[in-house]
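Structure record follows, encoded as structure tokens.
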Amino acid sequence: MVTKMTIKNQVTIPKKILVEAGLSGLKQEERYFNVELRDNVIILNPVTVVIEERIPEKQLQKFEKYVSKIEKGDKVFDSAKKASEFLKKRAKKK
């Protein structure tokens, strides 16, 4: 089976190959592969990526407390839509 590599080094794996390898039903976030070169052959091995929490709990709580504090002069909106409208108007003024 022939496939091409794009200018951005992307290769489309034919669906038939994905089905035979049991990879056709993977969700977007599950599409990670370990890539290696052996005897001039590119080998893709599916891997699961686990994202670990790297911010210590105390630091995270301190940060959340800081960003949720409302101070004099702060703009507070009751919806994302109103905040977006405010920012668009402000951007037009500049």
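Just the residues that are touching a helix residue (DSSP H, G or I) at 6+ places or on another chain (Cβ under 8 Å) and either in contact (Cβ under 8 Å) with a residue 60 or more places away in the chain or not aromatic (Phe, Trp, Tyr) (or both), please, taken from the range 75-94. Walk me through it before giving the result.
Kept after step one, since they are touching a helix residue (DSSP H, G or I) at 6+ places or on another chain (Cβ under 8 Å), are these residues of the range 75-94: 75, 77.
Of everything in the range 75-94, just one residue is touching a helix residue (DSSP H, G or I) at 6+ places or on another chain (Cβ under 8 Å) and either in contact (Cβ under 8 Å) with a residue 60 or more places away in the chain or not aromatic (Phe, Trp, Tyr) (or both), namely Lys75.
May I ask you to verify whether Leu44 is on the phi < 0 side of the Ramachandran plot, touching a Ser or Thr at 6+ places or on another chain (Cβ under 6 Å) and surrounded by 10 or more Cβ atoms within 10 Å (Cβ to Cβ)?
On the way: on the phi < 0 side of the Ramachandran plot: yes; touching a Ser or Thr at 6+ places or on another chain (Cβ under 6 Å): no; surrounded by 10 or more Cβ atoms within 10 Å (Cβ to Cβ): yes.
Taking the combined requirement at face value, the residue does not satisfy it.
From the list Glu30, Glu36, which one is acidic (Asp, Glu), at pLDDT below 85 and closer than 30 Å to Val11 by Cβ?
Details: Glu36 fails: at pLDDT below 85.
One residue alone meets the criteria, Glu30.
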*asked:* Which residue is farthest from Asn45 (Cα to Cα), if the candidates are limited to the range 1-27 and must be modelled with pLDDT of 90 or more and among the polar types (S, T, N, Q)?
replied: Thr6
*Among (1) under 24 Å from the mean Cα position of the chain (by Cα); (2) at pLDDT 85 or above, which single condition is Val41 missing?*
(1)
*Among the residues of the range 49-74, count how many are assigned to a loop (DSSP other than H, G, I, E, B) and either more than 30 Å from Arg31 (Cβ to Cβ) or out of contact with any helix residue (DSSP H, G or I) (no Cβ under 9 Å at 6 or more places or on another chain) (or both).*
11
*asked:* Please verify whether Val11 is on the phi < 0 side of the Ramachandran plot, in contact with a strand residue (DSSP E or B) (Cβ under 9 Å, 6 or more places away or on another chain) and hydrophobic (A, V, I, L, M, F, W, C), treating the condition exactly as stated.
replied: yes
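The values are calculated or read from the model by the stated rules, or taken from the named source; none is laboratory data. Here the structure is a predicted model, which is why all the values come from computation and not from measurement. When we count neighbours, we look across all protein chains shown, and the Cβ atoms used for this are built from the backbone with ideal geometry, even at glycine.
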